[in-house]
Amino acid sequence: MLLREVEYARPATIEEAIALLSEHDGARALAGGQTLVNVMKARAASPDVLVDLADLDELRTLSFSADQTALEIGAMVTNTMVISSSEVEVARPILAEVAATIADVQIRNRGTVGGNVCVNDPTNHYPPLLAALGATFTIRSASGERTVSAEEFFLGVYVTAVSEGELLTKISVPTRKPGTGDAMAGITLGAHGTYIASAVATVSPEGVRVALGCVSSVPVRATAMEERLEGSDLSEPSVRAAAAGLAASLDPPSDVHASAEYRGHLAEISAIRAVLQAAERAKG
């Protein structure tokens, strides 16, 4: 289906982009366009103004913070840039590992990290990954800049903390400390397909963090499982015991791919696999 007529703007600066987003109630930021353009073709969304961020080189940076404690990923950084980044390889290799499993080469070349998280499709790869890693999100508007946690950023299906007139500029991911391991596990529709259920785990000297995807409108932290794993040897029996009852505590949706009960079961199995793999990597 062809797109309906829409006003198009291609700002040269972040300030100009924010001004355009603020001036028009029906304005939408266009990043890689892998989701938004298709949604517009289906007439499920009809923005009055498309604000194309393609010329904003400031949003395509991928570097360490001044104090070296975080990897700062510009909102327009593509999946391919994440995969090939030496900074990612040093700071948090799981980012490149997960990016390499997203869809196909064309989508990885065009799709951006910022676009992926701002869409906040529950089946997307980055939301549970960034929630488990303890990432923060920097949002800019005409009145200033604010930084929010993953828990504050993801609000609902296709809904985030980025309001009208605001722009996500970067995502900051804590750099990996010695003795830290990260892993993502899940069940997809095909090798590079959509997740039916997913889980991300990070094991560090500070403890274990587990975030689940596809079971709610936002990433879900498995806090009870995390608490049971405190002081654990992270052996397979210990991890399975800690995960017991996780599926029953969830209220996932049912669809053509999985019933709610089966999706909860897959999420529990994925959490076990992610923690065991992260623990093994932490030893290395």
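Could you please find all residues in region 36-91 being hydroxyl-bearing (Ser, Thr, Tyr) and modelled with pLDDT of 90 or more?
61, 63, 65, 69, 78, 80, 84, 85, 86
Could you tell me whether any residue of region 11-32 is of a type outside the set (S, T, N, Q) and either at positive phi or in the same structural domain as residue 112 (by TED's automatic domain parsing) (or both)? Give the steps one after another, and end with the answer.
Keep residues of region 11-32 that are of a type outside the set (S, T, N, Q), which gives 11-12, 14-21, 23-32.
This time we only want the ones that are either at positive phi or in the same structural domain as residue 112 (by TED's automatic domain parsing) (or both), so: none.
No: region 11-32 contains no residue that is of a type outside the set (S, T, N, Q) and either at positive phi or in the same structural domain as residue 112 (by TED's automatic domain parsing) (or both).
Determine whether region 42-53 contains at least one residue that is closer than 16 Å to residue 164 by Cα, assigned to a helix (DSSP H, G or I) and not assigned by TED's automatic domain parsing to the domain that holds residue 144.
Step one: list which residues in region 42-53 are closer than 16 Å to residue 164 by Cα, which gives 45-53.
With the extra rule that they be assigned to a helix (DSSP H, G or I), the set shrinks to none.
No; the residues of region 42-53 include none that is closer than 16 Å to residue 164 by Cα, assigned to a helix (DSSP H, G or I) and not assigned by TED's automatic domain parsing to the domain that holds residue 144.
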Report task. Pick out, from region 217-257, the helices (runs of 4 or more DSSP H) lying fully within it that include 1 or more residues that are within 26 Å of the chain's Cα centre (by Cα), touching a residue at least 40 places away in the same chain (Cβ under 8 Å) and closer than 30 Å to residue 158 by Cα. Result -> 223-228
Requested in this report: Within region 1-22, track down each residue that is in contact with a Ser or Thr (Cβ under 8 Å, 6 or more places away or on another chain) and β-branched (Val, Ile, Thr).
Outcome: 6, 14, 18
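Considering only region 23-38, state which residues are of a type in the set (S, T, N, Q) and either over 26 Å from residue 78 (Cβ atoms) or surrounded by 19 or more Cβ atoms within 10 Å (Cβ to Cβ) (or both). Outline the logic, then answer.
From region 23-38, those of a type in the set (S, T, N, Q) are 34-35, 38; that's our starting set.
Once the filter is applied, which keeps residues that are of a type in the set (S, T, N, Q) and either over 26 Å from residue 78 (Cβ atoms) or surrounded by 19 or more Cβ atoms within 10 Å (Cβ to Cβ) (or both), region 23-38 yields 34, 35.
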Requested in this report: Would you please list the contacts, defined by Cβ atoms under 7 Å and residues six or more apart or on different chains, that run from a residue in region 259-282 that is not assigned by TED's automatic domain parsing to the domain that holds residue 128 to a residue that is part of a helix (DSSP H, G or I) and of a type in the set (Lys, Arg)?
Outcome: 272/240
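Being within 23 Å of residue 13 (Cα to Cα) and of a type outside the set (Gly, Ala, Ser) narrows it down to one of 43, 92, 108, 60, so name that one. Spell out the reasoning first.
Numbers: 43 fails: within 23 Å of residue 13 (Cα to Cα); 92 fails: within 23 Å of residue 13 (Cα to Cα); 108 fails: within 23 Å of residue 13 (Cα to Cα).
The conditions single out 60.
Please pick out the residue among 156, 165, 134, 181 that is within 19 Å of residue 72 (Cβ to Cβ), surrounded by fewer than 24 Cβ atoms within 10 Å (Cβ to Cβ) and not hydrophobic (A, V, I, L, M, F, W, C). Spell out the reasoning first.
Values: 156 fails: within 19 Å of residue 72 (Cβ to Cβ); 165 fails: within 19 Å of residue 72 (Cβ to Cβ); 181 fails: within 19 Å of residue 72 (Cβ to Cβ).
One residue alone meets the criteria, 134.
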Query raised in the report: Tally time: how many residues in region 100-109 are surrounded by fewer than 16 Cβ atoms within 10 Å (Cβ to Cβ) and farther than 12 Å from residue 125 by Cα?
Result: 4
Report task. Working carefully through the options 16, 58, find the one that is surrounded by 15 or more Cβ atoms within 10 Å (Cβ to Cβ) and not basic (Lys, Arg). Result -> 16
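The values are calculated or read from the model by the stated rules, or taken from the named source; none is laboratory data. In this text the structure is predicted, and so the values were computed from the model without any measurement. Note that we place each Cβ from the backbone using ideal geometry, even for glycine, and neighbour counts take in every protein chain shown.
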